[in-house]
Amino acid sequence: MTFSLSIQYLRATAAIMVVLYHVILHWRPESVHNYSVLGTGVDIFFVISGFIMWMSTGPEMTPPQFTWKRIRRIVPLYWIMTSVMALILFMAPSVFLSSTPNAYHIISSYLFIPSIHPVKKMWEPLVFTGWTLNYEMFFYAIFALTMFAPFRFRAWLLAATLACCMAAGLIPHPPTSLLTFYGSSIWLEFLGGVVLALVFQRGESLPLAAALLMFVVGAVAMELSQTLIPTHIPRGMLFGPPAFLIVAGALYAERAGAVRAFWSFKILGDASYSIYLSHVLAVSALFQLLRHFPHQAAPAITMQIVVATAGALAFGVGTYFLVERPVSRWLGRRRMTSLRAA
């Protein structure tokens, strides 16, 4: 795809933002609210997801083909990481805030079913960043169902279904109801990505200055929006528009010829999913190691934050090359063998 570089760079940026947010949460929990904008990396991911799902499918792709591609991409690494976390939970429950094994929470984590963490009391699976994957998998399921309809109706059906989900969230319900999770305004971010794909497919260009302005306005709006978090504006309405502008600005800047290839940053984009999932383990392990250092002055803590961030990114890249990519390729070969045999 001609836009792949900008998307990969955005994936890398979003992954780095999330990693840095969790590093600061460990080393500077008292000031993490000043860096809450880093957590909006997931909102950029959601817009990218909607964009990529639409751009990578077409009238010729069948629902089973789409589903297999999504399963092959998402499930193996997530199940591996969930198994590692489950093993740690059984062997060293103190690592999980003195949690004890909860069968329903563990099973729901594997099945991408939202459930309340038994200790943190939040909608988080064992791999706590996996809460975003629960949204992703639900979005994929709806997307696959719309593929049974004629192509010209798919976008409308997708929008209508997600609008119904958000409307259902307005129905009075207990906070532990699945309506709390699935009725989220986050669906606006996925829809924003789909709308962007529909516009981008027209092939029109924007002047580079306009694309860069769009990107800068989105970034500034994202930074300013963190001051509105206490107002309880729904997340999709608060962070969705800035994330949309950031992704759109980057895509049109690439179309205008302003994006160049940097292999190191592209690798981070390729490995963004592995980084996103595996940094949970890496950051926790590095925190346990580095917090015992005797010097805890501000410069030393800053250095530890830098080391922990770099270490988590390196661990994620290693996970990509040693786990995610080999497993994905093996599943791809198995699939081709099965199709030939059939």
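The values are calculated or read from the model by the stated rules, or taken from the named source; none is laboratory data. Quantities reported herein were computed from a predicted structural model and do not represent experimental measurements. Every residue, glycine among them, receives a Cβ derived from its backbone with ideal geometry; neighbour counts consider all protein chains shown.
The helices (runs of 4 or more DSSP H) falling completely within region 12-121 that include 1 or more residues that are more than 18 Å from Ile275 (Cβ to Cβ) and more than 19 Å from the chain's Cα centre (by Cα) map to 63-91, 103-110. Could we say that Phe321 is out of contact with any Leu (no Cβ under 8 Å at 6 or more places or on another chain), aromatic (Phe, Trp, Tyr), in a helix (DSSP H, G or I) and surrounded by 13 or more Cβ atoms within 10 Å (Cβ to Cβ) here? It is true that Phe321 is out of contact with any Leu (no Cβ under 8 Å at 6 or more places or on another chain), aromatic (Phe, Trp, Tyr), in a helix (DSSP H, G or I) and surrounded by 13 or more Cβ atoms within 10 Å (Cβ to Cβ).
When Gln296 is tested against (1) in a helix (DSSP H, G or I); (2) at pLDDT below 95; (3) over 27 Å from Leu126 (Cα atoms); (4) not small (Gly, Ala, Ser), only condition (1) is not met.
In this structure, Phe315 does satisfy being part of a helix (DSSP H, G or I) and in contact with a His (Cβ under 9 Å, 6 or more places away or on another chain).
Considering Phe66, Phe45, Phe51, the condition of being modelled with pLDDT of 95 or more and farther than 19 Å from Ile246 by Cα is satisfied by Phe66 alone.
Here is a yes/no grid of residues against (1) surrounded by fewer than 16 Cβ atoms within 10 Å (Cβ to Cβ); (2) under 21 Å from Met237 (Cα atoms); (3) touching a residue at least 12 places away in the same chain (Cβ under 8 Å); (4) touching a strand residue (DSSP E or B) at 6+ places or on another chain (Cβ under 6 Å):
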residue: Ile16; (1), (2), (3), (4): no, no, yes, no
residue: Ile24; (1), (2), (3), (4): no, no, yes, no
residue: Pro29; (1), (2), (3), (4): yes, no, no, no
residue: Tyr35; (1), (2), (3), (4): no, yes, yes, no
residue: Gly41; (1), (2), (3), (4): no, yes, yes, no
residue: Met55; (1), (2), (3), (4): no, no, yes, no
residue: Gly58; (1), (2), (3), (4): yes, no, yes, no
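Of the residues making up region 261-309, those that are farther than 23 Å from Thr132 by Cα, among the β-branched types (Val, Ile, Thr) and surrounded by 15 or more Cβ atoms within 10 Å (Cβ to Cβ) are Ile301, Ile305. Evaluating Gly269 against the criteria (1) under 30 Å from Ile80 (Cβ atoms); (2) out of contact with any Lys or Arg (no Cβ under 8 Å at 6 or more places or on another chain); (3) not hydroxyl-bearing (Ser, Thr, Tyr) leaves one unmet condition, (2). So in region 89-122, with the set limited to residues that are surrounded by fewer than 12 Cβ atoms within 10 Å (Cβ to Cβ) and either at positive phi or touching a Phe, Trp or Tyr at 6+ places or on another chain (Cβ under 7 Å) (or both), which one is modelled with the lowest pLDDT? The extreme case among them is Ser98.
Annotation note: of Ala144, Ala149, Ala159, the sole residue that is over 23 Å from the mean Cα position of the chain (by Cα) and hydrophobic (A, V, I, L, M, F, W, C) is Ala149.
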